[in-house]
Amino acid sequence: EVLKSASIYVVDVETTLISKDKYKTVYNTPPKYVCHGWLNVNIKNPTIIWSHKDLSAMFDSDNRELIYIGHNISYDIFIASTLVNGTSKYMFIWDTMLAEYLLTNQIERMPSLEQCCENHGITMRKDEEVAQMMKAGVCPSTIPKDKLEEYLKGDLLMTKEVFKKQRELFYQRPPEWQVMFINQMFFLVNTLRASCNGMKIDPLFVSQNKL
């Protein structure tokens, strides 16, 4: 059972602020990498890394049971892929934001990590001082390393607990619902691959198969 695999990792990438202009996106105002963290869901202590070179290990694996967990993880994977040129061949992701939307029967639309924690009765672990700094527009690259590390560790630990609660609820749903849920995550993976690697249409294949 892949959702009980030993190769399930929570991933979070911290970047510089994109822009306070709500109409600008990651595509026209690209943020810069600051640091990233990962945490195996079966291990207590997160690992924080300050070099994007180590991100390549995320995408070079041939492990077919590898799952990446994250809150709005598309952003983290997109940033990571721009630094290491590509995504893992067998990558599967569990986006806790999308999962919460599906598990609440589409009531929770784009819930924050904090909202997910509240929904599941999970104790907040985030460094409130850093959280307030970011809310005020302070760029993560200017926050002292020790404080940013504690903030990132809190995010990783909370995301892990949210995933575990969501996984319990997932197994309580009927098989046809589980198939729908997994398909939604696969759709997200495919959209993410297109964003990271681009798209190519084969006109000859389309013509031959009358698509």
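Given the structure, is D95 touching a strand residue (DSSP E or B) at 6+ places or on another chain (Cβ under 6 Å), modelled with pLDDT of 85 or more and acidic (D, E)?
Answer is no for this residue.
Among (1) in a helix (DSSP H, G or I); (2) acidic (D, E); (3) at pLDDT below 95; (4) open to solvent by less than 60 Å² (accessible area, probe 1.4 Å), there is one condition E108 misses while meeting the rest; what is its number?
(1)
Pairs under 8 Å by beta carbon, first residue on the phi > 0 side of the Ramachandran plot and part of a helix (DSSP H, G or I) in region 199-211, partner at pLDDT below 75 and open to solvent by less than 90 Å² (accessible area, probe 1.4 Å), six or more apart or different chains?
Close Cβ pairs (under 8 Å, with a partner that is at pLDDT below 75 and open to solvent by less than 90 Å² (accessible area, probe 1.4 Å)) do not exist here.
Any residue at all in region 137-156 that's surrounded by 14 or more Cβ atoms within 10 Å (Cβ to Cβ), modelled with pLDDT of 85 or more and touching a Phe, Trp or Tyr at 6+ places or on another chain (Cβ under 6 Å)?
No.
Tell me which residues, restricted to region 157-181, are closer than 28 Å to K44 by Cβ, open to solvent by 40 Å² or more (accessible area, probe 1.4 Å) and not acidic (D, E).
Going residue by residue through region 157-181, those that are closer than 28 Å to K44 by Cβ are 157-172, 181.
Narrowing further to those that are open to solvent by 40 Å² or more (accessible area, probe 1.4 Å): 161, 164-165, 167-169, 171-172.
Within region 157-181, K164, K165, R167, L169, Y171, Q172 meet the criteria.
Give region 122-135 a look and list any residue that's open to solvent by 70 Å² or more (accessible area, probe 1.4 Å) and in a loop (DSSP other than H, G, I, E, B), or say none.
Listed by number, the residues that qualify are T123, M124, R125.
Which condition from (1) in contact with a Cys (Cβ under 6 Å, 6 or more places away or on another chain); (2) more than 14 Å from L102 (Cβ to Cβ) is the one that K145 breaks?
So the condition that K145 fails would be (1).
The values are calculated or read from the model by the stated rules, or taken from the named source; none is laboratory data. This is a predicted model, so every value here is computed, not measured. Virtual Cβ from ideal backbone geometry, glycine too; neighbours counted across all protein chains shown. Ligands, DNA and RNA are stripped out before the accessible areas are found, and what is left, the full protein with its side chains, is counted by its heavy atoms. Shrake-Rupley method; radii C 1.70, N 1.55, O 1.52, S 1.80 Å.
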